[in-house]
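Taking it in order: structure first as structure tokens, then the write-up.
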Amino acid sequence: MQVFGVLTSLLALLVQLPGSAKTQLTGVQTIALPANTPGDALGLAELGTAEAVERLCARNITSVQYATALLQRGHLWECLNAFSEVDVERVLTEAQAVDDRAAAGRDVGPLCGLSIVVKDLYDVANYTTAAGTPSLTGNVPQNNSVLIDKFLAANGVVLGKTRMHELAYGVTSINPFFGPVLNPYNNTCHTGGSSGGTAALIAARATSAGFCSDTGGSCRIPGAMCGTAGFRPTSGCYDAGDGIVPLVPSRDTPGMMARSVEDIILMNSVLSSCNTSIPAVSLSGLRVGFATNWWSQVADESNSAYEQAFTALQEAGVELVDVDFSSVQSFSDQLFPDVSGYTFEMPGAISKYLYRHKSDLSFYTLAEEIASPTVYSTVQGIVEKPAEVYPTLQDYINIFSTYRPQLTAMYNAKYDEAEVDIIMTPMTSVPATPISATEPYTSFKGRYLLNRDLLRVTSVIEPEIGAPGLNIPIGLGETSLPVGLQIQARSGYDNLLLAVGEAMQDVLPQMPPPPAPLCTGCSPQALTQQVTYSGTGPLQNGQTTSAYTLSFEGACPIKSMMQTVLASSAVQDNVNSVVTFD
């Protein structure tokens with residue numbers, strides 16, 4: 001990690017006021033490895049999904065060897081707070097069962113004992129499904145979600161469950177109850193959300209792939225922030241069933257993350273009920289829509305990474321065709337407000353999940369016990385909403401009867417007008433930012449904007465019409481943090497989207513692995529504080545823009561560096577508050 005990048009992030013971190021935690025941190029998940037666990041001499045944790053499966057199916061390596069290597073890597077990176085639950089004995093027992101079936105001459109394809117992680121939104125029998133919220137910490141389903149059953153039937157192994165933004169209702173994976181997930185590329189920064197734990201572990205080489213979910217970018221935004229590929233399929237291609245804690249069912253879909261598009265193609269072939277045959281594509285002469293309105297909204301520190309990507313694609317023969325999605329975005333912003341889906345779908349959907357799991361918990365009790373200040377205030381606004389306040393039930397009905405068909409037609413028309421099948425956008429306007437300077441407001445080109453608006457600007461239309469989207473990692477920006485490139489397609493074009501994504505990734509700059517963790521020896525906490533900035537006008541001296549400060553318990557290099565920076569007189573002259581050191 002470059003010192004400049006670290007100090008820049010720390011300086012941004014140090015200008016936030018300390019606060020006190022609203023709830024008690026439950027602690028970083030500890031991976032207790034068996035005594036005398038061998039080291040990863042074969043470098044198995046570095047394997048991508050496709051290569052790992054190839055070697056597992058050829059029986060060049062065993063499922064137990066592979067799972068052990070990943071568990072060992074997870075142990076080295078556990079200070080990221082990315083695992084929510086790991087049962088080492090269970091993992092190794094299930095991996096051994098696959099090895100035993102293979103030794104008996106039985107078919108163990110197509111995954112042959114591949115171990116990957118699962119977002120803490122999916123039910124995995126006898127694992128906790130807490131969905132990142134305190135009131136579900138005792139929720140231990142006895143059955144798997146449909147996709148997990150499909151994965152296990154393909155001879156996959158669940159490596160563990162991963163942390164996430166509370167109730168999947170956010171884009172940072174900062175959680176004051178379970179602790180924030182730390183970015184592997186800079187341990188003071190967030191991972192994006194809501195599937196931050198999955199993204200962090202893939203980037204850290206503690207898994208090659210993992211389950212995510214996407215309601216407004218939650219597979220793709222963490223992919224951009226952590227340097228992984230993230231895939232939102234066409235709605236309905238991945239069966240959500242009853243075993244995934246819902247948010248807005250009309251926009252929710254399960255999804256997949258991995259380190260490469262090739263790996264996502266493999267997992268998609270196992271999980272999707274739609275067409276998974278990958279067509280042959282050539283980048284030479286390929287017309288790709290260049291969404292000019294979104295490319296004008298990119299942070300300066302990402303520009304060089306994008307320019308290198310454009311050059312690489314054009315040298316490979318891609319023709320970038322300007323197309324303006326401003327009218328589509330304006331229509332979406334005006335007639336598809338988030339509050340409509342959350343108001344009319346979230347309470348009933350979560351209540352249905354609780355009922356089917358025979359829980360005595362009500363949605364209203366769950367809502368009252370939400371730990372994250374921004375999630376709590378938004379959900380309480382839904383609970384307390386008077387019937388006559390916008391949006392009304394008729395407004396919600398209009399979305400499906402009128403506005404969604406209109407938005408879909410406008411979206412598809414842009415493809416037809418430009419004579420393209422693929423649209424290319426930045427995945428996020430900014431790379432990952434310091435945890436203590438992110439939520440709910442993030443600094444962008446001299447202004448403070450709501451982070452949900454800033455990070456989701458290119459990822460919300462697809463959920464509204466059920467279209468697919470794919471993040472492709474393209475290397476590091478000027479602050480040594482990952483940058484992601486998004487491609488989109490019309491509904492049902494998943495196989496073409498993935499084929500183009502794989503071809504693009506082959507010529508785009510490659511994502512380097514993250515540096516060694518500087519958080520080792522510590523447990524991270526996100527301490528809450530009052531946000532005093534109103535969201536309008538310039539920031540006044542002493543106003544706070546973030547609900548969180550970052551704190552570390554224990555002794556670790558990043559903590560020592562933060563204390564050293566704080567002790568600098570140059571820094572002291574320019575800050576009026578500090579982070580806490582417990």
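The values are calculated or read from the model by the stated rules, or taken from the named source; none is laboratory data. Computed from a predicted structure; not experimentally measured. Please note: Cβ atoms are built from the backbone with ideal geometry, for glycine as well, and neighbour counts cover all protein chains shown. When the accessible area is computed, the model is the full protein with side chains, heavy atoms only, and any ligands, DNA or RNA have been set aside. Shrake-Rupley method; radii C 1.70, N 1.55, O 1.52, S 1.80 Å.
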Inset, instruction - Hey, can you tell me all the residues within the stretch 455-483 that are assigned to a strand (DSSP E or B) and touching a Gly at 6+ places or on another chain (Cβ under 6 Å)? - result: L470, N471, I472, P473, P482, V483
Legend entry - Failed item, numbered, when V383 is tested on (1) among the aliphatic types (A, V, I, L, M); (2) touching a residue at least 40 places away in the same chain (Cβ under 8 Å); (3) within 29 Å of S173 (Cβ to Cβ): (2)
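Residue by residue, here is whether (1) farther than 17 Å from A224 by Cβ; (2) in contact with a strand residue (DSSP E or B) (Cβ under 6 Å, 6 or more places away or on another chain); (3) open to solvent by 10 Å² or more (accessible area, probe 1.4 Å); (4) in contact (Cβ under 8 Å) with a residue 60 or more places away in the chain holds:
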position: K445; (1), (2), (3), (4): yes, no, yes, yes
position: Y448; (1), (2), (3), (4): yes, yes, yes, yes
position: S459; (1), (2), (3), (4): no, no, no, yes
position: E464; (1), (2), (3), (4): yes, no, no, yes
position: G469; (1), (2), (3), (4): no, yes, no, yes
position: I472; (1), (2), (3), (4): no, yes, no, yes
position: G475; (1), (2), (3), (4): no, no, no, yes
position: A499; (1), (2), (3), (4): yes, no, no, yes
position: E502; (1), (2), (3), (4): yes, no, yes, yes
Legend entry - Number of the condition not met by F178 [criteria: (1) touching a helix residue (DSSP H, G or I) at 6+ places or on another chain (Cβ under 8 Å); (2) part of a loop (DSSP other than H, G, I, E, B); (3) crowded, with 24+ Cβ neighbours inside 10 Å]: (1)
Legend entry - Top-ranked residue in the stretch 358-372 [being modelled with pLDDT of 95 or more and of a type outside the set (S, T, Y); ranked as surrounded by the fewest Cβ atoms within 10 Å (Cβ to Cβ)]: E368
Inset, instruction - Please find, among T234, T198, the residue that is within 22 Å of V500 (Cβ to Cβ) and among the polar types (S, T, N, Q). - result: T234
Legend entry - Any chance P524 is touching a residue at least 40 places away in the same chain (Cβ under 8 Å) and open to solvent by 10 Å² or more (accessible area, probe 1.4 Å): no
